[in-house]
Amino acid sequence: MVDLRSDTVTKPTPGMYEAMVQAEVGDDVYGEDPTVNALEAEVAALFGHEAALFTPTGTMANQIALQLLVPRGGELLADADAHVVTYEVGAAAALGGISTRTWPSSGGELDVDLVASYLRPDGFHAVATNAVAVENTHNRGGGTVLPLEALRELRRVTLEAGVALHCDGARIWHAHIADGVPLRAYGELFDTLAVCLSKGLGAPVGSLVVSSAERIAQARVIRKRLGGGMRQVGVLAAAGRYALTHHLERLADDHTRARRLADALAPYGLVDPARVRTNIVPLDFTKASLDALSFARAAAEQGVRVSVLGPRIGRLVTHLDVNDADIDRAIEVFTRILAR
Ligand SMILES: *Cc1c(COP(=O)(O)O)cnc(C)c1O
């Protein structure tokens, strides 16, 4: 099987398993797991922040960050396709008492003037905007990389308005590799970031919230409240540390492979190759002779798995467990189906 559904389907490599076996551990609720502490320090330093907190999932990392920035009854502003809005099963409202307002998404692009027009100041009736969240790379946007200049402009605008800025950076690694922007340059623009080790980097579990020491101390309390206080979790932190050391630079290969898929499918009108910058290839079946589900079924019968996100929307994602030969094979299967 060539599994192109998601970059979450990767399995630990032998080297990663070895790192997990060798990990020094302790009770992390007591702050005594040396491997977790090392991972948290390492990731905080990568982004130029004071501290970081290891969480079981990216959703928990995002939700902790949102609770740090937005009080109960306060407002989060995000784009309509954001993961924090679309894929976190209403957690901001259900767990944080956070009211969410959205600006219309345009394929993961960031229009700072548009966002600025949505910022709402303190008022007698209105819910004041406490935080803005952006996603880099943008998942539903198709792995879009937000330009550093636009992010800087957004930072200026939100600072002026006294509004906090959060980055859902589940795939910030991909943005860093695609644009060559140092992680620190991203880090300095945000009050909080959530970053994921279990997507492109290939760790089995784990994300982190990155922020100031003061906020991370509060984050520790929120994590415990959410049931995310873990014990000898250094076995997982070791996988994350291994992933950061060995699997960051190789994301460029995933990007090249996604580009090959995009170029191969472009003649069939399924992909706009200019939009594919990282490891996600969005498929648009509006002009195709078959729908997304029929395509996915036919591909699965021939050993290639793809995601169906809507009747006419599909998605391919490259990752650690897909090599060049797998891409050859997938292209062969796709072109055979589309040529019918
Ligand atoms: C996957 C993902 C997350 C976190 O997802 P979990 O499955 O909870 O780890 C957050 N944001 C984006 C953009 C993602 O793609």
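The values are calculated or read from the model by the stated rules, or taken from the named source; none is laboratory data. Note that the coordinates shown come from a computational prediction; the quantities given were computed from them, not determined experimentally. Heads up, the Cβs are rebuilt from the backbone with ideal geometry, glycines too, and the neighbour counts pull from every protein chain shown. Side chains are part of the model used for accessible areas, which takes the heavy atoms of the whole protein and leaves out ligands, DNA and RNA. Shrake-Rupley method; radii C 1.70, N 1.55, O 1.52, S 1.80 Å.
Worth pointing out:
- Listed conditions (1) open to solvent by 40 Å² or more (accessible area, probe 1.4 Å); (2) modelled with pLDDT of 95 or more; (3) within 12 Å of the ligand (Cβ to nearest atom) are all met by Thr144, apart from (1).
- Filter result (more than 16 Å from the ligand (Cβ to nearest atom), farther than 19 Å from Glu32 by Cα and touching a strand residue (DSSP E or B) at 6+ places or on another chain (Cβ under 6 Å)) within the range 206-261: Ser211, Leu261
- Any hit, the range 4-14, residues being without any contact (Cβ under 8 Å) to a residue 24 or more places away in the chain and within 15 Å of Pro204 (Cβ to Cβ): yes
- Among the residues of the range 121-133, none qualifies, meaning not one is open to solvent by 10 Å² or more (accessible area, probe 1.4 Å), within 15 Å of the ligand (Cβ to nearest atom) and in contact with a strand residue (DSSP E or B) (Cβ under 6 Å, 6 or more places away or on another chain).
- Residues of the range 99-120 that turn out to be away from the ligand (no atom under 16 Å from the Cβ), part of a loop (DSSP other than H, G, I, E, B) and open to solvent by less than 50 Å² (accessible area, probe 1.4 Å), as a count: 1
- Residues in the range 47-59 that are at negative phi and surrounded by fewer than 23 Cβ atoms within 10 Å (Cβ to Cβ) were compared, and the one that is farthest from the ligand (Cβ to nearest atom) is Glu50.
One line per residue, one yes/no per condition, for (1) among the β-branched types (Val, Ile, Thr); (2) closer than 15 Å to Phe54 by Cα:
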| residue | (1), (2) |
| --- | --- |
| Val181 | yes, no |
| Pro204 | no, yes |
| Val209 | yes, yes |
| Gly229 | no, yes |
| Ala237 | no, yes |
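- Scanning the range 310-340 for residues that are in contact (Cβ under 8 Å) with a residue 60 or more places away in the chain and within 21 Å of the chain's Cα centre (by Cα), we see that the one that is surrounded by the most Cβ atoms within 10 Å (Cβ to Cβ) is Leu316.
- Looking only at the range 39-76, residues that are in contact (Cβ under 8 Å) with a residue 40 or more places away in the chain and assigned to a loop (DSSP other than H, G, I, E, B) come to 10 in all.
- Odd one out for Glu18 among (1) assigned to a helix (DSSP H, G or I); (2) open to solvent by less than 20 Å² (accessible area, probe 1.4 Å): (2)
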